[in-house]
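Everything below concerns the one structure shown next.
The values are calculated or read from the model by the stated rules, or taken from the named source; none is laboratory data. Given the structure is predicted, the values throughout are model-derived calculations rather than measurements. Quick reminder, even Gly has a Cβ in these numbers, built from the backbone with ideal geometry, and neighbours come from all protein chains shown.
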Amino acid sequence: MNLLAETSFRAAGPSAGFEFSFPYRRFEAPEGAGADDGRQLGFTVTLTPGIGLSAADGLRAAAAFLVDTAFGAVPAATLARMIGRYLFASGAAGAAGEGVDAVTILLASTHGDRATALARERVERPEFEVELTAFGAAHIVHEDDTLGLYILEIAPRGIIPAHCHRVMHESELILDDGLLQQDRPVTRGNAFVWPLGHVHAYRNPTGQPRRILCLDSPRFMPTDEVPLAAAPPLVPLAPLDNYLERISP
């Protein structure tokens, strides 16, 4: 089975488009399937003039990450809405009044030359809740009973202290270069899935905010953000993928 994801922007004026595809994978493969079962994701984007290539690459990487981590855990319609809401939350569609006002996300399964629509969702520019935190801010992209999607914005010189989770399964995509994870530099596009109980921490030594896309299942539980009274040595975790490299033409 293949997956085809199409994003179209409703915007006036000239536009440019591009396509890309890559193997669809699940970090925890379904029963009877390998870690990479040969499924493909096709993603078509029509860009307005205000969206540069860097933002487009970031959108493609985030969409691939969300399909890998959320497809099957939530209905296809929910996944489509999450991708659309991320586009607005990340700023890829421009500011209100300057960029697009709505996007349509189409998800379809393909078998050979046949395509079967899974979901088609129109997402209008939403208002996002932002929670101020000790490390900076958490932008709530999506929350439901199954999971939560957040953009964690770490302020200049900000720190997410060493902590672990005992209930929440947490997957993260690095959105900006410059962060230290486990006291080591971490690369934009790298994705991590933290095992329960694995202590992790971030630090932003730069003079600019740096961001992480965080998917929690179930959605974020403050009581499950377990701080460490005496932080043990931070054990590095190898990235499971670099999505910017994976979706490069």
remark   = Those residues of segment 213-246 that are under 17 Å from PHE192 (Cβ atoms) and free of Cβ contacts under 8 Å to residues at least 12 places away in the same chain come to a total of 1
ask   = Residue check: is PRO161 part of a strand (DSSP E or B) and either of a type in the set (Phe, Trp, Tyr) or more than 18 Å from ASP57 (Cβ to Cβ) (or both)?
value = yes
query = Looking only at residues in segment 164-189 that are outside any strand (DSSP E or B) and polar (S, T, N, Q), which one is surrounded by the fewest Cβ atoms within 10 Å (Cβ to Cβ)?
reply = THR187
ask   = Is one or more of the residues making up segment 203-214 closer than 17 Å to VAL67 by Cα and of a type in the set (S, T, N, Q)?
value = no
task = Kindly list the number of the only condition in (1) more than 23 Å from GLU245 (Cα to Cα); (2) within 19 Å of the chain's Cα centre (by Cα); (3) crowded, with 16+ Cβ neighbours inside 10 Å that fails for VAL199.
result = (2)
request  = Count, please, the residues in segment 206-240 that happen to be in a loop (DSSP other than H, G, I, E, B) and either modelled with pLDDT of 95 or more or among the hydroxyl-bearing types (Ser, Thr, Tyr) (or both).
outcome  = 8
